[in-house]
Amino acid sequence: MSSIRTLAQSTRNVRGQLAITPRRTFRQTCLRSMATVPFRLPDPRNEPNPTYEKGSHERTKLEETLKRMKSQIPLQSDIFYNGKSQQVSKAWDQPLPADHKTTFTSYPLATKEQVSTAIHSALKAKRSWENTPFVDRAAIFLKAAELVAGKYRYELIAATMLGQGKNIWQGEVDAAAELTDFFRLNCNYAAEILEKQPERGTNGMWSRLDYRPVEGFVYAISPFNFTAIGGNLISGPAIMGNVVLWKPSPSNVYASAIVYKILLEAGLPPDVIQFVPGDPEEINDVVLSHRDFAGLNFVGSSDVFRSLCARIGQGIGNNTYREFPRMVGETSGKNFTLVHSSADIQSAVKHVIRASFEYQGQKCSATSRLYLPESRSKEFIDTLVEDVKGITQGSPHEDLAAFMGPVIHRRSFEKIKAVIDESNEDSSLKILVGGTYDDSEGFYIKPTVYLSDSPDHKLFNYEIFGPVLAIYVYPDAEWNQILEKVDQAGGNFALTGAIFANSRAAIREAEDALRYSAGNFYISKDRIAIHPLSSEITNCFFLLRLQNYCRSDRPAELWRKSSKWYKRQGWFL
């Protein structure tokens with residue numbers, strides 16, 4: 001899932017360097033210069049997606065890049081602080097998810113001394129970076145966006161396909177388009193934040209807001225499943241003048257390192273962001289005991305985020321930190337799709353398949369629990385089962401037409417395997433399709449669907465993070481009761497939900513009843529009319545969360561383009 005994260009404090013009547021004029025025209029006064037330069041950022045826009053048809057320029061370039069990158073395996077990943085590659089004394093191997101006998105790259109383990117040095121280097125650069133005018137900071141990230149969209153597009157996609165097991169389309173919308181969008185749109189939305197100034201004055205007094213960075217450094221922890229998320233977690237704080245220590249996932253280190261190098265090439269001063277992969281516990285020990293730790297920007301497991309919050313809370317109680325650290329996390333999802341009897345069933349089936357099984361269900365927004373009306377259940381299930389049986393699965397970098405690839409690593413495979421084994425023996429569940437797996441070469445799980453006789457089964461509450469979907473069929477007359485069940489289930493993972501209905505009354509009832517059931521709530525009426533219901537809790541220092549693909553035009557655009565792409569690959573959408 002995608003969101004802007006900005007860390008800033010606001011105060012009145014303090015030293016300031018930015019005055020905002022109307023119509024989003026910005027007047028920036030540099031303390032190091034007598035010049036006052038008005039400027040306006042480019043209008044917000046989303047990066048277009050190439051089609052990757054066979055024989056197209058972009059398909060040829062990507063195939064060439066994949067061939068070159070595969071010939072260089074195992075690839076080298078590094079620790080970077082002071083803008084330079086540092087010595088690696090110990091590393092973990094990262095296998096190819098599609099071929100676990102082959103090492104894709106190594107994950108360097110920074111020592112505690114190296115982590116401390118990286119923090120020190122960042123803090124040394126802090127004053128210079130926060131005094132850098134916003135126009136100059138934005139220029140760096142806008143330049144980085146152009147490098148992602150152009151020079152490094154195919155390298156980022158190829159690294160994401162190899163290291164994270166994504167197909168072409170998933171690599172394109174993540175590592176190329178969404179990362180580009182984050183770099184561009186974070187600048188636009190940061191500018192909107194800075195634009196917010198008091199409008200009323202008092203005789204003899206001028207009140208203004210100065211948005212200051214936090215007083216220490218920000219710690220960014222990024223997940224394996226989206227290359228773009230790492231770029232987002234670091235860019236929001238940095239655009240607002242903060243320095244950042246970045247720990248990427250061990251299963252996304254190579255693509256993340258490319259993102260870091262792109263920022264350096266775009267002009268980011270070397271010490272503003274430190275790229276420090278390593279053992280999470282060792283890095284956390286150093287970071288969370290440092291007096292200048294001032295913010296956590298996190299995407300990953302709910303349990304991990306809870307443990308980090310607990311440690312930070314203990315540090316606050318012990319007066320460890322200079323200030324109260326800001327904590328923001330986007331975590332787990334046990335996401336629902338609710339189908340009403342008035343829904344367009346054929347459209348709903350296609351969307352559920354995409355939501356459940358794209359990227360092997362390894363998205364925090366993936367559908368994993370589905371509620372069907374009894375009157376339409378046979379039509380839905382018959383179509384679903386037929387279509388799921390037609391899903392192609394294979395190595396994303398060898399079979400470029402495959403819809404699904406492997407799950408990310410051995411731990412994930414074993415977790416999902418255990419769920420499937422237990423579910424296959426559960427008399428309260430009926431297996432509709434799938435229920436098998438194969439790790440002889442890669443970590444492959446077949447798309448799996450179970451029908452449950454109860455909406456209270458644990459599959460409706462346990463986060464699997466894989467291609468497993470649980471279905472409950474409810475009596476049409478129990479619409480109000482099923483709304484309550486949907487709201488209560490989900491294991492407290494209230495990230496994403498959707499309803500398919502053509503009845504405006506049913507949509508209104510669902511939106512009201514499920515207002516706190518999901519941070520992103522999608523409404524489908526007349527095939528594709530998607531409306532985000534913003535109920536996500538945001539911390540005050542973020543000021544704004546941007547979900548790029550929840551804009552009214554973007555999901556429909558992605559649906560049309562990706563459906564055409566899958567058809568060209570021989571898949572059924």
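Below is a table of values for the structure above.
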| read-out | value |
| --- | --- |
| Unit charges on C-beta of K, R, D, E only; dipole of the range 91-170, Debye | 200 |
| C-alpha center-to-center spacing [the range 38-63, the range 255-291] in angstrom | 28 |
| Whole-Å distance, taken between Cα centres, linking the range 124-142 and the range 426-495 | 47 |
| Entries in K166/K363; K70/K417; K84/K247; K67/K415 that, when Cα-Cα distance is taken, lie over 23 Å | K70/K417; K67/K415 |
| √(5λ) per eigenvalue of the Cα gyration tensor, the range 335-537, largest first, Å | 27, 17, 17 |
| Members of K61/K90; K126/K261; K61/K389 lying beyond 23 Å, as alpha-carbon distances in this model show | K61/K90; K61/K389 |
| Exposure proxy order (Cβ contacts within 10 Å, fewest to most) of I312, I234 | I312, I234 |
| Rough spin-label spacing in nm, given labels placed 7 Å along Cα→Cβ, for C309 and M205 | 3.7 |
| Protection proxy ranking, peptides 346-356, 68-78, 236-246, average beta carbon neighbours within 10 Å, highest first | 236-246, 346-356, 68-78 |
| Signed unit charges on C-beta, dipole axis of the range 335-537, positive-most listed residue L384, I445, L495 | L495 |
| The range 220-341: C-alpha gyration tensor shape, a/c 1.5 cut-off, then a/b vs b/c | oblate |
| Principal axis box of the range 295-408, alpha-carbon based, largest edge first, Å | 60, 41, 16 |
| Inter-label distance, nm, simple model (7 Å from Cα along the C-beta direction), D421/D439 | 0.9 |
| Total charge dipole magnitude, the range 335-537, about the Cα centre, Cβ charges on Lys, Arg, Asp, Glu only, Debye to nearest 20 | 380 |
| Anisotropy class of the range 148-258 from Cα gyration tensor, a/c 1.5 cut | prolate |
| Percentage relative contact order, the range 169-258, counting C-alpha pairs under 8 Å, at least six apart | 32 |
| Within the range 199-293: Cβ-based charge dipole about Cα centre, in debye rounded to nearest 20 (Lys, Arg +1; Asp, Glu -1) | 360 |
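Laboratory data are not the source of any read-out in this text; all were calculated from the coordinates shown. For clarity, every value in this text was computed on a predicted model and none was experimentally measured. As a convention, Cβ positions derive from the backbone with ideal geometry for all residues, glycine included, and neighbour counts pool all protein chains shown.
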